[in-house]
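A.B. asks: Take this structure, written in structure tokens, and hold onto it; I'll ask about it next.
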Amino acid sequence: MVIGAALDILARCGTPRTVYNDMPLGNPLGKPFDRSMHRETLRLALTLAVDAKSPGTVVETSFVWDAFDTDESWKRNFCFIDPNTPEKYLAMGEENRQRRLDNKAKGLFRE
Amino acid sequence: MKTRYIDRTRDYYRAQGFSTDYTWSQYDETPFAPLGKPLNESRVTMVTTGVVEADIPKPIRTAKHYPFSDAPGAFFTEELSWDKTTTHMRDRSSYFPIEILQALEEEAFIGDIAPRFHFVPTEYSQRLTIEQDAPSIVRACLEDEVDIAILIPL
């Protein structure tokens, strides 16, 4: 059973039971401090544990992140690439690659 | 419209100069086990990608199992990939809803809560997830006689 917000990733993997909440990555249960939303999401998941009859069952909640954000502009934020600053992303990549090399040199890796 | 996370992350890493795209897990068959008992007799646990022990360096974090009483008030999440522009992680309940699970136990909506929850690292290597982390969590869940494990990836 998975409660998640990245449905394309879950669908590709093929999770047995999924509750999909269309929220920003980080808050799969719902908006921060919205206890009733969290509760409803969790109840849906637990109910699905009983009700699902076949693998790959997905239940989508009806919750929205921001009812006033009608064009869902928040969905452009994750992994946003500003075309005006390509060097910024190349620098991030260089830092990432160097960090991996450093970790390996320090013996920080799993086998 | 649903966000296409696979496409977005692929483009993001290409922009960073990575020449090989990440290959996401893909399976033709999905395992499935019927619950086999009523919800109000079932034991429930949670599996989180939120980090409990931030002092363990990211590259060597492995699956671990903790008593629910050891759950931090705020998990360490800075190194994880969530939408840091749109939201925040200041409300644990939005990714680790233990208080709500406890309420559902008190209401007898579920049987009870397992003694331990589980951390699974967001490991780049699918081999390590499949061969080490996932089996470790399965073993711990069997030891704890868990009926329902809810994976809540951040």
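The values are calculated or read from the model by the stated rules, or taken from the named source; none is laboratory data. Quick caveat: nothing in here was measured; it's all calculated off a predicted structure. Please note: Cβ atoms are built from the backbone with ideal geometry, for glycine as well, and neighbour counts cover all protein chains shown. Heavy atoms of the whole protein, side chains included, go into the accessibility calculation; ligands, DNA and RNA do not. Shrake-Rupley method; radii C 1.70, N 1.55, O 1.52, S 1.80 Å.
A.B. asks: Using r as the Cβ-Cβ distance of B:Glu41 and A:Arg12, and R0 as 51 Å, what FRET efficiency do you calculate, to the nearest 0.05? Intermediate values should be presented prior to the final figure.
C.D. replies: Numbers: r = 34 Å, r/R0 = 0.66.
E between B:Glu41 and A:Arg12, to the nearest 0.05, is 0.90.
A.B. asks: So, by mean Cβ neighbours within 10 angstrom, what's the order for B:2-10, A:42-50 with the highest one leading?
C.D. replies: Values: B:2-10: 16.7, A:42-50: 19.8.
Peptide ranking by packing, descending: A:42-50, B:2-10.
A.B. asks: Once the other residues with Cβ under 13 Å from the Cβ of B:Ile6 are scored (Lys, Arg +1; Asp, Glu -1), what is the net sum?
C.D. replies: Neighbourhood net charge equals +2.
A.B. asks: Just checking the output field for B:5-17: average partner chain Cβ neighbours within 10 Å of each residue's Cβ? Write out the running numbers ahead of the final one.
C.D. replies: Working: counts 10, 5, 2, 8, 4, 1, 3, 7, 5, 3, 11, 12, 9.
Across the residues of B:5-17, the mean count of other-chain Cβ atoms within 10 Å is 6.
A.B. asks: Next up: Interface size between chain B and chain A, please: total buried accessible area, 1.4 Å probe, rounded to the nearest 100 Å². Don't skip to the answer; put the middle values down first.
C.D. replies: On the way: alone 10910 and 8790 Å², together 13900 Å².
Adding both sides of the contact gives about 5800 Å².
A.B. asks: By DSSP, what percent of the beta bridges with both residues in the range B:28-152 are antiparallel, rounded to the nearest 5? Display every interim value, and only then the final one.
C.D. replies: On the way: 5 of 14 bridges.
If we restrict to bridges inside the range B:28-152, about 35 percent are antiparallel.
A.B. asks: Where only protein heavy atoms count, and the probe is 1.4 Å, what is the accessible area per residue for the protein assembly as shown in Å²?
C.D. replies: 52
A.B. asks: So, one more: Taking 7 Å along the Cα-to-C-beta vector as the label spot, tell me the A:Val58-A:Arg76 distance in nanometres, rounded to one decimal.
C.D. replies: Inter-label distance under the simple model: 2.5 nm.
A.B. asks: At what distance in nm do the modelled label points of A:Glu111 and B:Leu142 sit from each other, each positioned 7 Å from its Cα along Cα→Cβ?
C.D. replies: Modelled inter-label distance: 2.7 nm.
A.B. asks: Something else now. Looking only at other chains, what is the average number of their beta-carbon atoms within 10 angstrom of each beta-carbon in B:141-151?
C.D. replies: Numbers: counts 0, 0, 0, 0, 0, 0, 1, 7, 3, 10, 8.
Other-chain Cβ atoms within 10 Å of each residue's Cβ, averaged: 3.
A.B. asks: Along the Cα→Cβ direction, 7 angstrom out, place labels at B:Leu128 and B:Glu79. What is the inter-label distance in nm?
C.D. replies: Going from the B:Leu128 label point to the B:Glu79 one covers 1.0 nm.
A.B. asks: May I pose another question? Just tell me how shielded A:92-101 is by partners: mean number of partner chain Cβ atoms within 10 Å of each residue's Cβ, no decimals. Spell out each step's value before the answer.
C.D. replies: On the way: counts 5, 7, 2, 1, 4, 3, 0, 2, 2, 0.
So the per-residue partner count for this stretch is 3.
A.B. asks: Using packing as a proxy for protection, rank A:85-96, B:119-130 so that the peptide with the highest average count of other Cβ atoms within 10 Å comes first. Kindly include the intermediate steps, with their values, before the conclusion.
C.D. replies: Working: A:85-96: 13.2, B:119-130: 15.7.
Result, highest mean Cβ count within 10 Å first: B:119-130, A:85-96.
A.B. asks: Enter the angle in degrees (range 0 to 90, nearest 10) between the Cα long axis of helix A:35-51 and the first principal axis of the Cα atoms of chain A, meaning the one along which they spread out most.
C.D. replies: 70
A.B. asks: Give the share of C-alpha pairs in each 10 angstrom bin for the range B:50-154, from 0 to the last occupied bin, in whole percents, shortest bins first.
C.D. replies: Cα pair-distance distribution for the range B:50-154, in percent: 13, 43, 35, 9, 0.
A.B. asks: Another question, if that's okay. Defining a contact as two alpha carbons under 8 Å apart and six or more residues distant in sequence, what relative contact order in percent does chain A show? Could the numbers behind the result be given before it?
C.D. replies: On the way: 110 pairs, mean separation 25.7, N = 111.
In percent, rounded to a whole number, it is 23.
A.B. asks: For chain B, what does -39500 (n - 2.57) per DSSP helix run (n ≥ 4), summed and divided by total residues, give at 222 nm, in deg cm²/dmol to the nearest 500?
C.D. replies: Details: 3 runs with 30 residues, N = 154.
One gets -5500 deg cm²/dmol as the mean residue ellipticity at 222 nm.
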